[in-house]
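Structure record follows, encoded as structure tokens.
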Amino acid sequence: MSSTFSAPKGTFDLLPPESEVYLAIREAMAAPLRRAGYRYVETPTFEQTALFERGVGESTDVVSKEMYSFTTRGGDHLTLKPEGTAGVVRAVIQHRLYAGQLPVKLWYSGTYYRYERPQAGRYRHFSQVGAEAMGVDDPALDAEVVALGMTAYRDLGLSEVRLLLNSLGDAVCRPVYREKLTGFLAGLELDADTRRRAELNPLRVLDDKRPEVAKQLADAPVIVDSLCDDCRAHYDAVRRHLGDLDVTWEESPRLVRGLDYYTRTTFEFQHDGLGAQSAVGGGGRYDGLSEDIGGPPLPGIGWALGVDRTLLAMRAEGVELAAATGCEVFGVALGEAAKQQLVKLIGELRARGVCADLAYGDRGLKGAMKAADRSGARLAIVLGERDLAAGTAQLKDLGSGEQDAVALADLVATVEGRIR
Ligand code: AMP
């Protein structure tokens, strides 16, 4: 036999019933956004590579090591999107959505691609639901976005998600802090790679989890001590609004996150049940991003929640999310004429909104009844030649095993009555 194929390294197939739990998680993440006026947006799976280089930042691992980039036959340099914000901001600029009602509030759901070292909770192809609010710099909007993320987790039944909060300052105070941090880092023992990273973006180094680096960072200056008056007032207001919205948080002065575009409010949703990959979601304000990618000044704030890790968090907390079950009714026909009648009946049930399926192929009564049992349906319609001649069908309750004859003319109404 020739060799078979399997899903590429770092990817997995979503199969029922878990695939349906994924759908339900995406839906639960989107629901609070819809209630707050966010509209659905969908952008292409790939974008020009330069969009991510300029938007996400060349000092980040995502851009420097993890992008799936390729040159097309036409010579375009494209990249499978490693995150959602850059593409959405590109679309907002391209279609001048900022010329309408502000803030522009958008949500999306998609799969993203990073060439990472695969491990539990870290894949090369993963799924996020995201939200972006653009065009207004209002701390109340920051609080709204953060609170909507917390609501999504709460609605999913998670009680152990922690919100880590920080402010990364702006174009006024960040450079001052950067200088201070650069001075501090100069006195540490760092390998050549880390030095290079420190030159590109010293804040990146704060994210280094390796013990030999983390140990040396214990006394590093933190950005909150260097915030300018505007950024401090903004951060205070965000926290005030979060308090009003009953959202609790933990100050996390070292939180920098893996993407370069963040300014001011920066946050992460963490769950302790996941081992090393504890971030289930995260986001922040990105006031300079639009200009970085050639657009007008357009402040923005957003988040992305990881669907895969949220599922792991639910498992860790023992939260069950009812997956959509199979059909309620399963039809079994014996003989051609009965089959023809049954196909019609099942079609009518479906048209009336009943989830109905039937045995296909020639499996005989025993095989077909086994299929009915396996389907998980509550009722089976069994239609043989003799039933057909009598103008009836057998309606069997697959739970109790009870069975009775029902006139074909009444069948749809009877089935509906029994399953509702
Ligand atoms: P980021 O886009 O890096 O801010 O990530 C936001 C969220 O997406 C994270 O908190 C994770 O839940 C999820 N995520 C990011 N990268 C991966 C990955 N490689 N595999 C699975 N989930 C991921």
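Each row is one residue, and each column tells you yes or no for (1) outside the structural domain of Gly306 (by TED's automatic domain parsing); (2) of a type in the set (A, V, I, L, M, F, W, C); (3) within 18 Å of Pro297 (Cα to Cα).
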site	(1), (2), (3)
Glu66	no, no, no
Gly74	no, no, no
Thr79	no, no, no
Ala86	no, yes, yes
Pro103	no, no, yes
Within region 234-286, residues under 23 Å from the mean Cα position of the chain (by Cα), of a type in the set (D, E, K, R), more than 10 Å from the ligand (Cβ to nearest atom) and more than 15 Å from Val161 (Cα to Cα) come out as Asp260, Arg285
The correct count of residues that are farther than 26 Å from Ile301 by Cβ, among the aliphatic types (A, V, I, L, M) and open to solvent by less than 50 Å² (accessible area, probe 1.4 Å) in region 170-194 is 3
Per the filter on region 374-390, residues farther than 19 Å from Ala405 by Cα and touching a Leu at 6+ places or on another chain (Cβ under 9 Å) are Ser375, Gly376
The residue that is nearest to the chain's Cα centre (by Cα), considering only those in region 150-179 that are modelled with pLDDT of 95 or more and of a type in the set (Lys, Arg), is Arg154
Within region 133-149, restricting to residues that are more than 18 Å from Ala99 (Cα to Cα) and open to solvent by less than 10 Å² (accessible area, probe 1.4 Å), the one that is nearest to the chain's Cα centre (by Cα) is Gly149
Of the candidates Arg363, Arg352, the one satisfying the condition of being more than 16 Å from the ligand (Cβ to nearest atom), charged (D, E, K, R) and at pLDDT below 95 is Arg363
For Tyr115, the lone unmet condition from (1) at pLDDT below 95; (2) open to solvent by 70 Å² or more (accessible area, probe 1.4 Å); (3) within 15 Å of the ligand (Cβ to nearest atom) is (1)
Going through region 20-47 in order, the residues found to be of a type outside the set (Lys, Arg) and either open to solvent by 50 Å² or more (accessible area, probe 1.4 Å) or over 21 Å from Tyr153 (Cβ atoms) (or both) are Glu20, Leu23, Glu27, Tyr40, Val41, Glu42, Thr43, Pro44, Thr45, Phe46, Glu47
Just one listed residue, out of Gly384, Gly367, is assigned by TED's automatic domain parsing to the domain that holds Lys344 and within 42 Å of the chain's Cα centre (by Cα), and it is Gly367
In region 58-88, anything surrounded by 21 or more Cβ atoms within 10 Å (Cβ to Cβ) and of a type in the set (D, E, K, R) is listed as Lys81, Glu83
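The values are calculated or read from the model by the stated rules, or taken from the named source; none is laboratory data. Note that the structure is predicted; figures quoted are calculated from it, not measured. Note: ideal-geometry Cβ built from the backbone for every residue, glycine included; neighbour counts use all protein chains shown. Accessible surface areas use protein heavy atoms only, side chains included; no ligands, DNA or RNA. Shrake-Rupley method; radii C 1.70, N 1.55, O 1.52, S 1.80 Å.
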